[in-house]
Amino acid sequence: MTSPAFHRLLLTGAAGGLGRELRRRLPAHCEILRVSDVAELGGAAPGEEVVAADLADADAVLALLDGVDAVIHMGGVSTEQPWEAILPANIVGAYNLYEAARKKRVRRVVFASSNHVTGFYRQDEVIPADAPPKPDGLYGLSKAFGEDLAQLYFDRHGIETVSLRIGSSFAAPRDRRMLHTWMSFDDMERLVLAALAAKDVGHSIVCGVSANPHVWWDNAPAAHIGYVPQDSSAPWAAEIERGTPPGDPTDPAFIYQGGAFVRQGPGQ
Ligand code: 15L
């Protein structure tokens, strides 16, 4: 058996949807997996350290990064929420994480960004994976902030980050939009491992999406870091198209890539 690639990996947001998947998949790739969340995580499995932490608590986050080789940052708010929820978790929390990485000399972060950074591009266009932000709400805006933070901490401190603009990572695509944006859990694992292992990434922005028949993002930068998706939404297409009528073409949720997120948040 080959030895795991990392001594200690930190997974934040380990109680969330993707965090729970990664919690059971990452132990194969490290000697110790430190899992963290503000929500209940249960007991530690063999090879695990469970550390509760609120991302808005700078001291707690500093302690969290002690002795860590790399961070997979899935923590924070993952949907459109009021500013009062986004600010501590996604803005202050991301800042605390990078400050802790700097102080603890952690050299690599895999940052769960989101397609909602670019949610106001149209569904009838294909954009580069690292297209300039057009956030579709406060959540997308906070992820754009996280990406900028990653760039700053690379330029100034040499901390490397791969920002993953994740599409829709669920067990299966749930609607017509997700036929374009879906990423399987197996592909999500492949992408995270590629982002951890790739050399000289600086700050790279890639999309988290499977090899779906028609994707809205040109994901060449993901291939560059060694991500080769193996799954596709195609097997679900007929059933989803039969079960859901095409959307109203004048509804912003069907015009823009962010879908229903474009009509959530302030002023709605
Ligand atoms: C996201 O960023 C969310 O975290 C996730 O819950 C999905 O809604 C996804 O985007 C999506 O766009 O489908």
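The values are calculated or read from the model by the stated rules, or taken from the named source; none is laboratory data. Please read these numbers as outputs of a predicted model, since none were measured by experiment. Here Cβ is always computed from backbone atoms with ideal geometry, including for glycine, and neighbour counts include all displayed protein chains. We work out accessible area using only protein heavy atoms, side chains counted, and drop any ligands, DNA or RNA first. Shrake-Rupley method; radii C 1.70, N 1.55, O 1.52, S 1.80 Å.
For region 160-198, the tally of residues that are open to solvent by less than 20 Å² (accessible area, probe 1.4 Å), within 12 Å of the ligand (Cβ to nearest atom) and in a loop (DSSP other than H, G, I, E, B) stands at 4. Evaluating Phe261 against the criteria (1) outside any loop (DSSP other than H, G, I, E, B); (2) away from the ligand (no atom under 13 Å from the Cβ); (3) in contact with an Asp or Glu (Cβ under 6 Å, 6 or more places away or on another chain) leaves one unmet condition, (2).
Just checking, which of Asp251, Asp218 is modelled with pLDDT of 95 or more and open to solvent by 70 Å² or more (accessible area, probe 1.4 Å)?
Values: Asp251 fails: open to solvent by 70 Å² or more (accessible area, probe 1.4 Å).
Of the residues listed, the single one that is modelled with pLDDT of 95 or more and open to solvent by 70 Å² or more (accessible area, probe 1.4 Å) is Asp218.
Inside region 137-159, residues that are in a loop (DSSP other than H, G, I, E, B), open to solvent by 10 Å² or more (accessible area, probe 1.4 Å) and either within 16 Å of the ligand (Cβ to nearest atom) or in contact (Cβ under 8 Å) with a residue 60 or more places away in the chain (or both) make up a count of 1. Selection of region 113-135 for residues being open to solvent by less than 10 Å² (accessible area, probe 1.4 Å), within 14 Å of the ligand (Cβ to nearest atom) and either modelled with pLDDT under 95 or not in a helix (DSSP H, G or I) (or both) yields Ser113, Ser114, Gly119. Residues that are under 26 Å from His224 (Cα atoms), away from the ligand (no atom under 16 Å from the Cβ) and not in a loop (DSSP other than H, G, I, E, B) do not occur anywhere in region 80-89. Restricted to region 1-69, the set of strands (runs of 3 or more DSSP E) holding at least 3 residues that are away from the ligand (no atom under 16 Å from the Cβ) and open to solvent by less than 40 Å² (accessible area, probe 1.4 Å) comprises 6-12, 30-37. Please tell me if Ala101 is within 16 Å of the ligand (Cβ to nearest atom) and not polar (S, T, N, Q). Spelling it out, it is not the case that Ala101 is within 16 Å of the ligand (Cβ to nearest atom) and not polar (S, T, N, Q).
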